[in-house]
Amino acid sequence: MGDTTNLKRNQPAKINEILAQVDTPALIVDLDAFENNLKTMETKVKEASVTLRPHSKTHKSPWIGHKQKDHGAIGLCCQKISEAEIMVDGGIKDILISNQVVGTSKTDRLASLNRDARVMICVDHMDAVSELSAAAARFHVTIETLVEIEVGGGRCGVASDKEALELAHAINNDTNLKFTGLQAYHGAAQHIRNHADRKTAINKAIEKTADTVQMMSSEGLNCSIVGGAGTGSFEMEAGSGVYTELQAGSYIFMDADYARNKCADGKPFDTFEHSLFIYATVMSKPNENKVIVDAGHKAASIDSGYPMPWQLSGSEITGMSDEHAVIDIKKVNKKPTRGDKILLVPGHCDPTVNLHDWYVGARGLQTEDPYVEHVWPISARGALS
């Protein structure tokens with residue numbers, strides 16, 4: 001059997017074809033809603049007088065990254081070196097890797113990227129400072145470095161002011177590195193449903209971050225970047241007077257899990273529109289109470305719950321397996337049948353995107369005649385290192 005690794009994967013759609021002709025499962029972007037989301041965030045960032053550095057781990061696409069830059073973003077965040085490599089290759093030249101890296105392979109790749117772009121990094125351990133310095137020296141570059149502080153997320157970041165200050169001084173005193181500021185992201189707070197509880201958690205993060213910034217300043221260390229915030233809390237950090245850069249990512253797509261958050265008035269969080277969908281076909285209708293579609297675990301991540309059927313009032317997904325999803329339609333008035341196509345809002349957009357090779361950009365999705373306007377690759381799919 002011959003080697004098939006270089007065979008080009010077929011695009012799932014053709015430009016200008018009607019959406020109903022697109023084979024399934026496919027990852028659909030409602031371009032109208034997507035563009036509205038870009039504009040909404042651009043306006044809110046301007047009103048708050050902060051900057052936007054959205055997270056590319058959501059979309060894994062230089063094309064979308066450039067769209068974000070067209071709407072006010074100063075650059076992008078990446079979570080992995082391999083993501084940053086693809087974004088730089090795609091023309092994005094101002095990047096923060098909002099994560100830790102360990103090992104010579106990764107530090108050398110980071111240093112190499114800095115020959116052609118500004119690619120910053122976070123640290124939370126003194127060994128990381130020496131490792132980054134050595135890599136920067138090998139490649140004759142200066143690596144801008146942020147100290148990551150723990151503000152409640154329970155992941156990376158130093159917990160004590162003493163550790164943060166020691167790291168900042170070590171970076172500042174290193175001729176191969178440049179101290180650029182703080183990374184202070186509270187990921188665990190993003191999906192706290194109740195607005196008051198979410199605000200309480202973020203306020204604690206803001207207070208911790210403000211204290212650290214003040215401590216740095218008293219030691220002559222300038223935090224030109226104080227980064228953090230996600231789609232669930234960005235307005236809180238934006239209005240804090242402490243954070244300078246917002247790192248929200250999911251706002252462009254608005255998944256089903258974020259839609260379960262509540263605003264201050266108790267209503268659903270609807271600042272942004274759903275723009276990302278899994279397109280699925282009904283392949284079986286065992287009875288009048290349920291249908292089976294062809295999009296399962298391999299088409300949609302379920303770490304944040306099952307996808308939500310879109311514009312199929314009264315329905316819900318009750319089970320999924322590798323290539324199947326079971327939709328309960330008992331309460332649906334106009335019941336779908338075999339061959340019908342259904343849009344599903346993913347529970348969690350980021351890992352769902354990473355399951356697909358292509359985006360299919362649809363125009364007029366909320367009209368009777370949606371069509372394919374653009375098809376583009378998910379270039380950083382599988383970029384995990």
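The values are calculated or read from the model by the stated rules, or taken from the named source; none is laboratory data. Just so it is clear, the structure is predicted and the values come from calculations on it, not from any experiment. So basically every Cβ, Gly included, is an ideal-geometry build from the backbone, and we count neighbours across all protein chains shown.
Worth a mention:
- Some residue of segment 40-63 being out of contact with any strand residue (DSSP E or B) (no Cβ under 8 Å at 6 or more places or on another chain) and within 18 Å of Arg363 (Cβ to Cβ): no
- Number of the exception - Val102 against (1) farther than 30 Å from Gly154 by Cα; (2) in contact (Cβ under 8 Å) with a residue 12 or more places away in the chain; (3) not in a helix (DSSP H, G or I): (1)
- Residues (out of contact with any helix residue (DSSP H, G or I) (no Cβ under 7 Å at 6 or more places or on another chain) and not in a helix (DSSP H, G or I)) located in segment 28-50: Ile28, Val29, Asp30, Ser49
- Residue in segment 224-262 that is surrounded by the most Cβ atoms within 10 Å (Cβ to Cβ), counting only those that are among the charged types (D, E, K, R) and under 14 Å from the mean Cα position of the chain (by Cα): Asp255
- Extreme residue, farthest from Gly230 (Cα to Cα), among residues of segment 72-100 that are crowded, with 19+ Cβ neighbours inside 10 Å and touching an Asp or Glu at 6+ places or on another chain (Cβ under 7 Å): Val88
- Any hit, segment 143-154, residues being surrounded by fewer than 21 Cβ atoms within 10 Å (Cβ to Cβ) and either of a type in the set (Lys, Arg) or over 21 Å from Leu246 (Cα atoms) (or both): no
- Any hit, segment 56-71, residues being among the acidic types (Asp, Glu), surrounded by 19 or more Cβ atoms within 10 Å (Cβ to Cβ) and farther than 17 Å from Phe234 by Cα: no
- Candidates are the residues of segment 170-223 that are of a type in the set (A, V, I, L, M) and touching a Phe, Trp or Tyr at 6+ places or on another chain (Cβ under 7 Å); the one that is surrounded by the fewest Cβ atoms within 10 Å (Cβ to Cβ) is Leu221.
- Qualifying residue in segment 371-385 (condition: of a type in the set (Gly, Ala, Ser) and touching a His at 6+ places or on another chain (Cβ under 7 Å)): no
- Per the listing Leu167, Leu146, the residue uniquely under 18 Å from Thr212 (Cα atoms), in contact with a Gly (Cβ under 7 Å, 6 or more places away or on another chain) and either in a loop (DSSP other than H, G, I, E, B) or modelled with pLDDT of 95 or more (or both) is Leu146.
- Condition broken by Phe277, with the remaining ones in (1) under 24 Å from the mean Cα position of the chain (by Cα); (2) more than 23 Å from Leu19 (Cα to Cα) satisfied: (2)
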